[in-house]
Amino acid sequence: MIQFVPRGIIPAMVTPIDEKGQINESALRKLTNHLIGGGVHGLFPVGSQGEFFSLTFEQKKEAVRIVVDETKGRVPVYAGTGAVTTREAIETTKMAQDMGVDAVSVITPYFLVPSQKELIAHYTAIAKACPSLPILLYSNPDRTQVPLPVSTVLELAAVDNIIGIKDSGGDMSITGEFIRLTRGMNFHVLMGRDTLIYAALCYGAKGSICATGNVDPRVPVEIYEAFMAGDHKRALEAQYSLAPLRIAFGLGTFPVVVKEALTMIGIDAGPAILPVGPMMPENREKLRKILTDMGLLKK
């Protein structure tokens, strides 16, 4: 049985891009250390916030290599390896395994809408291709239009190396069922909606893969650490303080807001990959105020 247990705050890292559209290695290394210095419990390159859908295979490989190298085993590295086709998802998962990641997260296919039988076959094939690698399912139906219902997750939870799920659906009733019905199994739930970290921990989640953690990892880390210490008041206050940054994602086209926020605080994340453009000036000023209120920028 796979013994790996995902836990804590695991930022879904942005992928810094330079003016030529290539990965900015120095910025990615700086981001890696910024996050580890903020107390995170893991790192998650080339996920949705990392623009996996816009990166070439070689860019994904480079990003994973850089993060694994810079991390130097200080925290586990998870990698996003989902794809539309089973073939590409297997190829990407094998690449991440070869790069030395500790686990992967595999988003459902998107654009096409497979049946639940086809989804089960998809994930089972990936797990079989890398039997010693811990695999997290990744549900994000708002973006993919592909649901992962409780019945499907229960069936996949019985696969030895499918050890959990990143749930970004935002419906706590479904998250709660994932947790309740897999009790006693080698299966763990991570919250993928940043505004619900505290709520998910209360219900039994093991932690969160969160995009806001790029900017100020100390805040989501405080939610988790305070909760684990039994200080629910402090955990809830930290959750409240994180909410404005997550809500600010609506100020620009995903995933540009976090990239611009990082640039404001001194980490050159670069632009989002086209066709995503920059934020409007008035929205950039709203974001700047949020960062100032968080104490990340001087007034």
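Computed from the coordinates by the stated procedures, all read-outs in this text should not be read as laboratory data. Being a predicted model, the structure only gives us computed values, none of them experimental. Cβ coordinates were reconstructed from backbone atoms using ideal geometry, including for glycine residues, and neighbour counts include every protein chain displayed.
Values computed for the structure shown
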| item | result |
| --- | --- |
| Estimated FRET transfer efficiency (T292, D69; beta-carbon r; R0 41 Å; 0.05) | 0.75 |
| Size of the chain as Cα extents on the principal axes (Å, biggest first) | 53, 46, 36 |
| Order of M191, M172 - criterion: other Cβ atoms within 10 Å of each residue's Cβ, fewest first | M172, M191 |
| Within straight-line cross-link reach of K233, aspartates and glutamates at Cα separation under 19 Å, skipping those fewer than 8 residues along the same chain | D194, E222, E225 |
| Relative contact order computed over the chain (Cα-Cα under 8 Å; 6+ residues apart), in percent | 19 |
| The chain: calculated mean residue ellipticity at 222 nm from DSSP helix runs of at least 4, using -39500 (n - 2.57) | -13500 deg cm²/dmol |
| Stretch gain in nm, segment V276-I247, where the contour uses 0.36 nm per residue and the Cα spacing is subtracted | 8.6 nm |
| Size of region 224-299 as Cα extents on the principal axes (Å, biggest first) | 44, 27, 21 |
| Extension gain (nm, one decimal) between Q145 and K299, 0.36 nm per residue minus Cα-Cα | 51.3 nm |
| Stretch gain in nm, segment D268-E155, where the contour uses 0.36 nm per residue and the Cα spacing is subtracted | 36.4 nm |
| For the chain, share of DSSP beta bridges that run antiparallel, in % to the nearest 5 | 5 |
| Two-site label geometry, K233 and E285: point separation in nm, points 7 Å out along Cα→Cβ | 3.9 |
| Aspartates and glutamates with Cα under 17 Å of K289, excluding same-chain neighbours fewer than 8 positions away | D216, E260 |
| Protection proxy ranking of 87-95, 18-26 - average other beta-carbon atoms within 10 Å, highest first | 87-95, 18-26 |
| Order of R193, R288 - criterion: other Cβ atoms within 10 Å of each residue's Cβ, fewest first | R288, R193 |
| Proxy reagent accessibility, fewest Cβ within 10 Å first, across E285, E62, E155 | E285, E155, E62 |
| Alpha carbon centroid spacing (whole Å) that separates region 101-165 from region 228-270 | 27 |
| Above-threshold pairs, the threshold being 19 Å between Cα atoms, out of K72/K259; K61/K206; K30/K259 | K72/K259; K61/K206 |
